[in-house]
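One structure is given here, and the rest of the page talks about it.
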Amino acid sequence: MNKRPSLFYSLLPIIFLVSALFVNVRIFGDSSLDGSNQLILLLSAGFAAVLAKFQGIKTDDIWNGIQGTLQDSTKAVLILLMVGALTGSWMISGIMPTLIVFGLKILSPIICVPAPINPAVTIPDIIFLFYYIPQVLLRKNYFLLAPYFLYQWGWLLH
């Protein structure tokens, strides 16, 4: 049975990674993203494996851990690749630019103010946009905004 490593011993690979990335960025500047970061990640994984060997962990256990981690992360990577391919095809075909153009035509200053409050458009949102805001602008009666914000904050639901 392997003994539990100390906190400092567990943080050594992370300290190595952060310091190596810091040195990498200081040396290469903007060019550090050209591949040297990936090399540092591999070196950090090797450093963690060497520390594990010093701790007394068997090589088979290290490889089984790597295999399990790769199996778990492969699903997420495939989903990200599919989403990237879908959005890339939308960009190439012109769907995304069209959505941006029509979205900017639909959004106006009246809609932009309450839009971040609640991403789901509800009936009180529609009433607020087409009834309360014109009345506030025409009459300059700001108390008309209170029911909408009370609803958004959930005070009218209780």
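The values are calculated or read from the model by the stated rules, or taken from the named source; none is laboratory data. Quantities reported herein were computed from a predicted structural model and do not represent experimental measurements. As a convention, Cβ positions derive from the backbone with ideal geometry for all residues, glycine included, and neighbour counts pool all protein chains shown.
Return the total of residues in the range 1-57 being in contact (Cβ under 8 Å) with a residue 24 or more places away in the chain, over 26 Å from the mean Cα position of the chain (by Cα) and over 21 Å from GLN67 (Cβ atoms).
Number of matching residues: 4.
Exactly one condition in (1) surrounded by 11 or more Cβ atoms within 10 Å (Cβ to Cβ); (2) at pLDDT below 90; (3) assigned to a helix (DSSP H, G or I) is not met by ILE57; state its number.
(3)
When only residues in the range 2-47 that are of a type in the set (Val, Ile, Thr) and exposed (fewer than 14 other Cβ atoms within 10 Å of the Cβ) count, which is farthest from THR59 (Cα to Cα)?
ILE27
Just to be sure I understand, how many residues within the range 11-45 are among the small types (Gly, Ala, Ser) and touching a helix residue (DSSP H, G or I) at 6+ places or on another chain (Cβ under 9 Å)?
So the count comes out to 5.
Residue check: is ALA49 aliphatic (A, V, I, L, M) and in the same structural domain as PHE22 (by TED's automatic domain parsing)?
yes
So MET82 passes all but one of these: (1) over 20 Å from PHE16 (Cβ atoms); (2) modelled with pLDDT under 90. Which condition number does it fail?
Checking MET82 against (1) over 20 Å from PHE16 (Cβ atoms); (2) modelled with pLDDT under 90, the one that fails is (2).
With the structure loaded, tell me whether SER73 is hydroxyl-bearing (Ser, Thr, Tyr) and either more than 26 Å from PRO13 (Cα to Cα) or assigned by TED's automatic domain parsing to the domain that holds LEU12 (or both) or whether it fails that test.
Criteria not met by SER73.
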